[in-house]
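Reviewing the structure listed below.
The values are calculated or read from the model by the stated rules, or taken from the named source; none is laboratory data. Everything numeric here is computed off the predicted structure, so don't read it as measured data. We place every Cβ from the backbone using ideal geometry, glycine too, and count neighbours over all the protein chains shown. With ligands, DNA and RNA removed, areas are computed over all heavy atoms of the protein, side chains included. Shrake-Rupley method; radii C 1.70, N 1.55, O 1.52, S 1.80 Å.
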Amino acid sequence: MVPIGVLVSGRGSNLEAILDAVDRKYITKGEVRVVVSNKPGVGAIEIAKKHRVPTAVLDDKGLPKMDPKYDAKTMATLESHGVNSRDGLVALAGYFRILGSQFVEKYKNRIMNVHPALLPSFPGLEPQKRALEHGVKVSGATIHFAAKDVDSGPIILQAHVPVRDDDTVDTLSERILRQEHRIYPEAIRLFTERKLKVEGRRVTLAT
Ligand code: GRF
């Protein structure tokens, strides 16, 4: 079993998609050992509790978005739940902090993130709004490994959606979110079945 830790900050719909995938045995070779939130009282914590998954809240109020000391606490929490850097997986699911290089290096190619745009387009904040304003006709969701720079690591899976003339940020976000919920569990399944091969920037299916 691959021990999985999920880091969250908010609503938790991607967390729920992952936990549902474990419950319905779409993911059979990984188990979510802990959900860690940097914000108290968020929806994601309630979702974890509903699924009887251990939770930890490491409140980052007043701290900078990137902070090696805070990262060290997060890593210690993950490790205390068995999510180690040798065989574990850390899934960022709506996690609004930036991981420092020590964290990213330690868990190299063992940290996944979901981004609501087709990277490398629109990294960073409010990608759906910026995609709409830019006038793109296609957008989507990306699952990638974390790297030192935000939203920049090797791409694991992507799914595209059309951008419609009458779209608002909300309608486009909703369409993209449905794809996030589909491809995040798929990426985790592939990882836990050791089917992902990473060579430089390229992630391919191991044969
Ligand atoms: C998702 O759109 C994700 O791509 C982005 O933040 C949102 C989090 O939503 N990084 P949720 O907390 O998973 O519902």
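Consider the stretch 1-41 and keep the residues that are free of Cβ contacts under 8 Å to residues at least 40 places away in the same chain and open to solvent by less than 10 Å² (accessible area, probe 1.4 Å). The one that is farthest from Y184 (Cα to Cα) is S37. Only one of the numbered conditions (1) among the aliphatic types (A, V, I, L, M); (2) within 12 Å of the ligand (Cβ to nearest atom); (3) out of contact with any Asp or Glu (no Cβ under 9 Å at 6 or more places or on another chain) is not met by A44, and that is (3).
The set of residues in the stretch 42-69 that are in a helix (DSSP H, G or I) and surrounded by 18 or more Cβ atoms within 10 Å (Cβ to Cβ) comprises A44, I45, I47, A48. Contact list please: Cβ distance under 7 Å, first residue in the stretch 73-87 and at negative phi and surrounded by 14 or more Cβ atoms within 10 Å (Cβ to Cβ), second residue among the basic types (K, R) and not in a loop (DSSP other than H, G, I, E, B), pairs at least six apart or on different chains. Cβ pairs passing all conditions: M75/K106; H81/R33; V83/R33; S85/K106. For the stretch 115-137, the condition of being among the hydroxyl-bearing types (S, T, Y) and open to solvent by less than 40 Å² (accessible area, probe 1.4 Å) holds for none of the residues. Does at least one position in the stretch 8-22 carry a residue that is away from the ligand (no atom under 16 Å from the Cβ), at pLDDT 95 or above and among the acidic types (D, E)? The answer is no; no qualifying residue exists.
Residues are listed down the side, and each one gets a yes or a no for (1) under 30 Å from K69 (Cβ atoms); (2) modelled with pLDDT under 95; (3) more than 14 Å from the ligand (Cβ to nearest atom):
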residue: V104; (1), (2), (3): yes, no, yes
residue: M112; (1), (2), (3): yes, no, no
residue: H115; (1), (2), (3): yes, no, no
residue: P120; (1), (2), (3): no, no, yes
residue: E126; (1), (2), (3): yes, no, no
residue: S152; (1), (2), (3): yes, yes, yes
residue: L177; (1), (2), (3): no, no, no
residue: Y184; (1), (2), (3): yes, no, no
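Would the stretch 167-176 turn up any residue that is in contact (Cβ under 8 Å) with a residue 60 or more places away in the chain, in a helix (DSSP H, G or I) and open to solvent by less than 60 Å² (accessible area, probe 1.4 Å)? Yes, there is a match, as at least one residue in the stretch 167-176 is in contact (Cβ under 8 Å) with a residue 60 or more places away in the chain, in a helix (DSSP H, G or I) and open to solvent by less than 60 Å² (accessible area, probe 1.4 Å).
Per this entry, A44 is not counted among residues that are in contact (Cβ under 8 Å) with a residue 60 or more places away in the chain and either more than 20 Å from K73 (Cα to Cα) or of a type in the set (A, V, I, L, M, F, W, C) (or both).
Hey, among the residues in the stretch 186-207 that are part of a strand (DSSP E or B) and among the hydrophobic types (A, V, I, L, M, F, W, C), which one's modelled with the lowest pLDDT?
L205
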